[in-house]
Amino acid sequence: MVGHGPLAGVRVVELGGIGPVPFAAMLLADLGAEVIRVHRPADRDARPNPVLDRGRRSLVVDLKNPRGAAVVRALIDTADAVLEGFRPGVAERLGFDPVTLAERNPRLVFGRMTGFGQDGPLAMRAGHDINYIALSGALGAIGRAGQPPTPPLNLVGDFGGGGMLLALGVLAAVLNARASGGGQVVDAAMVEGSGLLMSMIYGRYAQGAWTVNRGENVLDGGAPFYDTYECADGKHMAVGAIEPQFFANLVAVLGVAGRIDLAAQRDPATWPAMRESFAKAFMDATREEWVERFSGTDACVTPVLTMDEVLSHPHNASRKSFFTDSEGAIHPAPAPRFDATPSSRPRPAPAPGRDTRAILSELGHTPEDIESLLGEGVVR
């Protein structure tokens, strides 16, 4: 499959998993890499995620069958990178030891995604996004004052600190392999990735400009000029008026200048009364009325859109930041954008095994070989 984008010509084998590995694979596919996802037989009837699984080719292989493992090893021989999200040691037990694979394909990059990393006391423990970001300090920093930490969906561990960091690591290693001729193992752990996302906050904490108490800081909802407010119609507006000039514009448009001392913006002692004034003002009009009132004004105020509203927002529509597929699913468009090697619209998510015959044929299997593999249940 010919890709369009800056990664055209890069081949990636994705050993099927959930969450961060599919996201890393999606990012690479969006940028033009040929990504081949290896599904397990148990996945044969699974319904693909229309967004997360887009842009791939797919074959179903029984990795526990020696002939199946041989098929995938031959596929990996043709690849620039492999992505896997098993617990430490599982890939080796399945016959996919990165050292042995590198002997066959010296330039191979072996991307490994786990929650806790390939070693350490918790390496073999089960976990999910919430557990990993709990250990990095990220979860403890998110939430309202006096309330328990708020899980930020699974964006910080699985996707930001997991899949995106894995994709970055794999790309860096592929670049190095093309320069040096040698691949390497990339050990991406969500505890460490989500901690890395907290770099600015850890820096602010070191400077004495951040407290570990949730809801008492400028960016965690503690400051009334960086928060969300309900409008008369039950919808919300997001306020991020951090700088003095934006704060002054916010106060002016809200019509609360008589109750707010602009010079005391950063004084936490003024925040409770300030928040009350802002909340009361926003309740005087609907969200769309506030959008109109803030139109053309730099106050860092925007509507809080739901997922079914993003397509129709004028800015998103102008840049085609989202699109719908033939089934009506809303997709975020590939990002970032490239002027010389633009990404194309991703192909639809494949049903598991859709490309099995074609991929086997490309690997040199004869029609008789393919029928034999299918007949024995080695591939589907």
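Every number in this text was worked out from the coordinates using simple rules, so none of it is lab data. Please read all numbers here as calculations on a predicted model, not as lab measurements. Note that we place each Cβ from the backbone using ideal geometry, even for glycine, and neighbour counts take in every protein chain shown.
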- When DSSP beta bridges are limited to those with both residues in the chain, what percentage is antiparallel, rounded to the nearest 5? 35 percent
- Message: For residue 369, project a label point 7 Å along Cα to C-beta. Then give me every residue of region 67-91 with its amide nitrogen under 15 Å of that point.
- Response: 67-78
- Query: Taking +1 at the Cβ of each Lys and Arg and -1 at the Cβ of each Asp and Glu, which of 223, 326, 359 sits farthest along the dipole of the chain towards its positive end, judged by Cα position relative to the Cα centre?
  - Reply: 359
- Note on the structure: Here the net charge surrounding residue 20, from other residues whose Cβ is less than 12 Å away from its Cβ (Lys, Arg +1; Asp, Glu -1), is -3
- Message: Under a crude label model (7 Å from the Cα following the beta-carbon direction), how far is residue 344 from residue 273 in nanometres?
- Response: 6.3 nm
- Can you tell me how much longer the chain between residue 312 and residue 180 gets when fully stretched, taken as 0.36 nm per residue apart minus their C-alpha distance, in nm with one decimal? 42.8 nm
- Task: Would you mind calculating the gained length between residue 155 and residue 51 on full extension (0.36 nm times residue separation, minus the Cα-Cα distance), in nm to one decimal?
- Result: 35.9 nm
- Starting from the Cα of residue 280, draw a straight line to each of the lysines and keep only those under 17 Å, dropping any in the same chain fewer than 8 residues away. 235
- Task: Work out, step by step, the length gained on full extension between residue 323 and residue 295: first 0.36 nm times the residue separation, then minus their alpha carbon distance; give nm to one decimal.
- Result: 7.6 nm
- Between region 314-371 and region 82-154, the Cα center-to-center distance that results, in Å: 26 Å
- Message: Restricting to DSSP loop positions (anything but H, G, I, E, B) with no more than 14 other Cβ atoms inside 10 Å of their own Cβ, which trypsin sites (Lys or Arg not before Pro) remain in region 101-191?
- Response: 125, 144
- Note on the structure: Helix 66-77: inclination vs the chain longest Cα principal axis, degrees, rounded to 10, gives 60 degrees
- Item | Approximate spin-label separation residue 283-residue 119, in nm, with each point projected 7 Å along Cα-to-Cβ | 5.8 nm
- Return the distance in nm (one decimal) between the two label points of a simple spin-label model at residue 305 and residue 94, each offset 7 Å from Cα along Cα→Cβ. 3.7 nm
